[in-house]
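The values are calculated or read from the model by the stated rules, or taken from the named source; none is laboratory data. In this text the structure is predicted, and so the values were computed from the model without any measurement. No Cβ is skipped: glycine too gets one built from the backbone with ideal geometry, and neighbour counts run over all protein chains shown.
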Amino acid sequence: MQETPLYPSYKILLVDDEAPWLRSLGIILERSAGINNCVKCLDSRQVMDILATGEVGIVLLDLTMPHLSGEELLPLIAEEYPDIPVIILSGMNQLETAINCMKLGAFDYFVKTDEEKRLVNGVLRTIKMLELQRENLELSTQFLSDTLHCPEAFQAIVTQDPAMLAIFKYLELVTKSNQPILVTGESGVGKELFARAIHLCGQCSGPLVPVNVAGLDDTIFADTLFGHVKGAFTGANEVRMGLVENASGGTLFLDEIGDLSQVSQLKLLRLLQEGEYIPLGSDRPKRLNARIVVATNQDLLARQAAGTFRKDLYYRLNIHHVCIPPLRERLGDLPILIDHFLDEVARQLRIRKPVVSREVFLRLANYSFPGNVRELKSLLYDAVSAGKSKVLTVAAFEKVLGPAGKNPLRKSVEAGSAHNCFEQCTQFPTIQEAIEQLVSEALVRSGNNQTLAARLLGISQPALSKRLKQRKKITSSR
């Protein structure tokens, strides 16, 4: 049987000289909020020693106790442990006492006769405040660092693009938070790879549980995520754990959430807001103990404006949001992606890795890739599988790209064409002028990416970089 994880991660110290009240308070917190990491203390003289262990995050303190009263203990805690919030629980409903306690450093004040829900909400509010404080501290500390702390989490994502590396850095920071993460981007950009990277960055003890929610009706959605008890409906002959419970201690990845119905959206919103869920047929809530990562290729802001996506759910999901750029916006990654996928297909087919002609780079650099990285991978797998030559030429891609003469280049390429420049020249260009035109043409066709431009020119990237520096030096000296 799976052991229930401790919540919160730090201890909550309950201090009172009445054992029955302490026992009752512990039961209330666990039953109503899933708070099960409590330490009980009957003797107020032991409090400072317990706090010295560094394991306590919150103190619930009674006022009237023998030896050392709550009002005497409160300023000692505030002075020595200012980061530990103290919630006062008193049998006295006196405004003057409450004001005095707040002046002494109390975070909140409750009368023991108050309704149970107010007390539990107060403790949950304090936990939330502490989580935000710790997240902000970690974020501000890590933001000053330029290096990735867990680069191994992103190894499956092949890129050298600065925008992608910035996303890696951002994800490393926000995985310290327990808030949901929204991943958007066109089909084929690799959203599930990012979900896996988020999971690995969080160093979760539990599994990554992916589920595509597109096409699930409301009942199946609830049953898939939350599970059911025996007898919940006709055919429910045994208990079934939902994916939320399966992902306990790990990450639940919900793909294609843009396709959820309004009813399913509301169920997801309640899960995120309340941090708990109820299996079908049960009346006992269970606590969410997994990170939630959601993904979609749809424009949720537009869907929200159209009224098909809940505004409150959108804002709940948009706390941490990354948009993965399409392949056409990071063509500098094309050479290393081609190299990576050719290595893969060569290993799978047990053949020697084919050589890629420069014309292939040129044609692919001018293709829009509506299917993004997934389409590039399929193109290469198909070309290598169907081809017999050791050199991969443009002909291998004609099925998708069309014949070389019928695949128009982007407007920016046509406008800057070296051929056009030569036609417009009244005097035939010198070798040096021709070289400059070819370099300019390669940069235009590669989107100013020097790695790809160097491939097109058949020279090394350092050689191209050196030539561009010389050009800049000559230009600036004129």
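Key figures
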| item | result |
| --- | --- |
| Hits in region 151-160 - residues which are assigned to a helix (DSSP H, G or I) and farther than 10 Å from Leu193 by Cβ | Pro151, Glu152, Ala153 |
| Verdict on Val47 being at pLDDT 95 or above, touching a strand residue (DSSP E or B) at 6+ places or on another chain (Cβ under 9 Å), in the same structural domain as Val120 (by TED's automatic domain parsing) and part of a helix (DSSP H, G or I) | yes |
| Region 230-269, residues that are β-branched (Val, Ile, Thr) and surrounded by fewer than 16 Cβ atoms within 10 Å (Cβ to Cβ) | Thr234, Val239, Val263 |
| Verdict on Ile87 being outside any helix (DSSP H, G or I), touching a strand residue (DSSP E or B) at 6+ places or on another chain (Cβ under 7 Å) and either farther than 30 Å from Ala247 by Cβ or not aromatic (Phe, Trp, Tyr) (or both) | yes |
| Residue in region 273-283 that is modelled with pLDDT under 95, buried (at least 21 other Cβ atoms within 10 Å of the Cβ) and closer than 27 Å to Ala156 by Cβ present | no |
| Some residue of region 71-82 being touching a Ser or Thr at 6+ places or on another chain (Cβ under 9 Å) and part of a loop (DSSP other than H, G, I, E, B) | no |
| Strands (runs of 3 or more DSSP E) (entirely within region 161-268) containing at least 1 residues that are under 30 Å from Pro335 (Cα atoms) and not β-branched (Val, Ile, Thr) | 181-184, 251-255 |
| Selection count, region 25-45, where residues are surrounded by fewer than 15 Cβ atoms within 10 Å (Cβ to Cβ) and of a type in the set (Gly, Ala, Ser) | 0 |
| Residue in region 205-223 that is in contact with a Cys (Cβ under 6 Å, 6 or more places away or on another chain) and modelled with pLDDT under 95 present | no |
| Condition met for Leu22 (in contact (Cβ under 8 Å) with a residue 12 or more places away in the chain, surrounded by fewer than 17 Cβ atoms within 10 Å (Cβ to Cβ) and part of a helix (DSSP H, G or I)) | no |
| Selection status of Arg352, among the charged types (D, E, K, R) and in a helix (DSSP H, G or I) | no |
| Answer from Glu186, Glu192 - the residue that is in contact with a Phe, Trp or Tyr (Cβ under 8 Å, 6 or more places away or on another chain), of a type in the set (Asp, Glu) and either over 19 Å from Leu313 (Cα atoms) or assigned by TED's automatic domain parsing to the domain that holds Val373 (or both) | Glu192 |
| Residues that are among the charged types (D, E, K, R) and surrounded by 14 or more Cβ atoms within 10 Å (Cβ to Cβ), drawn from region 49-102 | Asp62, Glu71 |
| Of residues in region 280-326 being within 20 Å of the chain's Cα centre (by Cα) and in a helix (DSSP H, G or I), the one farthest from Gln160 (Cα to Cα) | Asp312 |
| Complete set of residues in region 95-152 that are over 16 Å from Leu29 (Cα atoms), at pLDDT 90 or above, of a type in the set (Gly, Ala, Ser) and under 37 Å from the mean Cα position of the chain (by Cα) | Gly105, Ala106 |
| Subset of region 269-279 (residues that are in contact with a Phe, Trp or Tyr (Cβ under 6 Å, 6 or more places away or on another chain) and either in a strand (DSSP E or B) or among the hydrophobic types (A, V, I, L, M, F, W, C) (or both)) | Leu271, Tyr277 |
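The rows are residues; the columns are (1) assigned by TED's automatic domain parsing to the domain that holds Leu193; (2) modelled with pLDDT of 80 or more; (3) assigned to a helix (DSSP H, G or I); (4) surrounded by fewer than 18 Cβ atoms within 10 Å (Cβ to Cβ).
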| position | (1), (2), (3), (4) |
| --- | --- |
| Ser368 | no, yes, no, yes |
| Ala396 | no, yes, yes, no |
| Lys399 | no, no, yes, yes |
| Asn448 | no, no, no, yes |
| Thr451 | no, no, yes, no |
| Leu456 | no, no, yes, no |
| Gln470 | no, yes, yes, yes |
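For every residue, the table says whether it meets (1) assigned by TED's automatic domain parsing to the domain that holds Gln298; (2) modelled with pLDDT of 90 or more; (3) over 26 Å from Leu457 (Cα atoms).
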{"residue": "Arg310", "(1), (2), (3)": "yes, yes, yes"}
{"residue": "Leu313", "(1), (2), (3)": "yes, yes, yes"}
{"residue": "Leu317", "(1), (2), (3)": "yes, yes, yes"}
{"residue": "His320", "(1), (2), (3)": "yes, yes, yes"}
{"residue": "Phe361", "(1), (2), (3)": "no, no, no"}
{"residue": "Leu376", "(1), (2), (3)": "no, yes, no"}
{"residue": "Leu380", "(1), (2), (3)": "no, yes, no"}
{"residue": "Gly387", "(1), (2), (3)": "no, no, no"}
{"residue": "Val391", "(1), (2), (3)": "no, no, no"}
